[in-house]
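> Below you will find the structure I want to go over with you.
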Ligand code: SAH
């Protein structure tokens with residue numbers, strides 16, 4: 001493959017790093033608010049904490065090692081030009097969805113499985129379309145990571161780590177919501193899908 005058919009690695013790195021900075025900027029005000037809210041029900045098990053560390057490694061630490069050091073260079077791969085553009089489009093959609101779900105969830109957001117004091121069930125805004133828009137945004141994010149970070153280790157670490165967390169967490173989260181909100185959540189589950197409207 002000659003140089004013109006691929007996107008320049010430093011361009012890809014700049015796109016990825018600015019996406020990561022944007023995601024931090026979006027989350028920051030909610031994270032600060034979240035600390036003030038008292039926890040009423042805590043399902044934050046050791047497994048949940050371990051999963052969070054795994055996802056931070058896969059989506060932040062390994063990509064940053066790839067961007068700022070030469071250590072992972074032996075595992076690089078090269079994708080055609082379209083992959084860079086597709087990754088950038090996925091990234092923008094993921095960031096929008098990330099912002100939108102934080103905005104609509106408001107004070108009810110927490111990084112692990114918890115119910116806050118005064119927790120309300122959100123079924124409006126983006127939550128009217130799907131039950132897990134924040135996780136949908138992270139799936140898109142991880143797909144973008146594999147397209148932009150063309151490296152077998154740092155590129156795929158996102159999909160693998162978040163995939164494991166998603167599979168292990170999703171039914172526990174819905175079970176917790178069912179226990180907390182009963183019939184209201186049951187009805188909400190019946191009229192919505194998890195990640196893609198009408199589909200999945
Ligand atoms: N799974 C959701 C939220 C992720 S944040 C999404 O992907 O958009 C995780 C926390 O959000 C959970 O601990 C739970 O307390 C809370 N939560 C999940 N769905 C909710 C809803 N519809 N209304 C209010 N809180 C919700």
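> Taking the 0 to 90 degree range and rounding to the nearest ten, how far is the long axis of helix 157-191 tilted relative to the main principal axis of the chain, both from C-alpha atoms?
20
> I would also like to ask the following. With a 10 Å cut-off between alpha carbons and a GNM built on the chain, which of 88, 75, 136 moves the most?
Between 88, 75, 136, it is 75 that shows the largest mean-square fluctuation.
> How far apart, in nm, are two points set 7 Å out from the Cα along the Cα-to-Cβ line at residue 45 and at residue 129?
The two pseudo-label positions are separated by 3.3 nm.
> To test your reading of the geometry: what angle, between 0 and 90 degrees and rounded to tens, separates the Cα axis of helix 46-56 from the longest principal axis of the chain?
Here the helix axis deviates by roughly 30 degrees.
> Provide the gained length on full extension for the span residue 190 to residue 36, in nm with one decimal, where the gain is 0.36 nm per separating residue minus the Cα-Cα distance.
On the way: separation 154, 0.36 × 154 = 55.44 nm, distance 3.29 nm.
Gain in length upon complete extension: 52.1 nm.
> Place a label point 7 angstrom from the Cα of residue 75 along the Cα-to-Cβ direction, then list the residues of the stretch 40-63 whose backbone nitrogen is under 16 Å away.
Inside the label zone: 54-63.
> Give me the angle, in degrees from 0 to 90, between the Cα long axis of helix 9-36 and the longest principal axis of the Cα atoms of the chain, rounded to the nearest 10.
Rounded to the nearest ten degrees, it is 20.
> Can you give the relative contact order of the chain as a percent, counting alpha carbon pairs under 8 Å and 6+ residues apart? Don't skip to the end; give the middle numbers.
Working: 232 pairs, mean separation 60.3, N = 200.
With pairs under 8 Å counted, the relative contact order is 30 percent.
> Okay, next question. Let me know the whole percent of all Cα-Cα pairs from the stretch 108-200 that are separated by more than 14 Å. Working shown, then result.
Values: 2977 of 4278 pairs.
When every Cα pair of the stretch 108-200 is considered, 70 percent fall beyond 14 Å.
> Taking 2.2 N^0.38 Å as the expected size of a compact globular protein, what ratio does the Cα radius of gyration of the chain give against it, to two decimals?
Working: Rg = 18.0 Å, N = 200, 2.2 N^0.38 = 16.5 Å.
Relative to the rule-of-thumb radius for its length, the chain sits at 1.10.
> With runs of 4+ DSSP H residues as the only contributors, calculate the mean residue ellipticity of the chain at 222 nm using -39,500 (n - 2.57) per run, divided by the residue total and rounded to the nearest 500. Intermediate values should be presented prior to the final figure.
Details: 6 runs with 122 residues, N = 200.
Result for the chain, helices only: -21000 deg cm²/dmol.
Read-outs throughout are calculated quantities, based only on the coordinates presented, and are distinct from any laboratory measurement. Quick caveat: nothing in here was measured; it's all calculated off a predicted structure. No Cβ is skipped: glycine too gets one built from the backbone with ideal geometry, and neighbour counts run over all protein chains shown.
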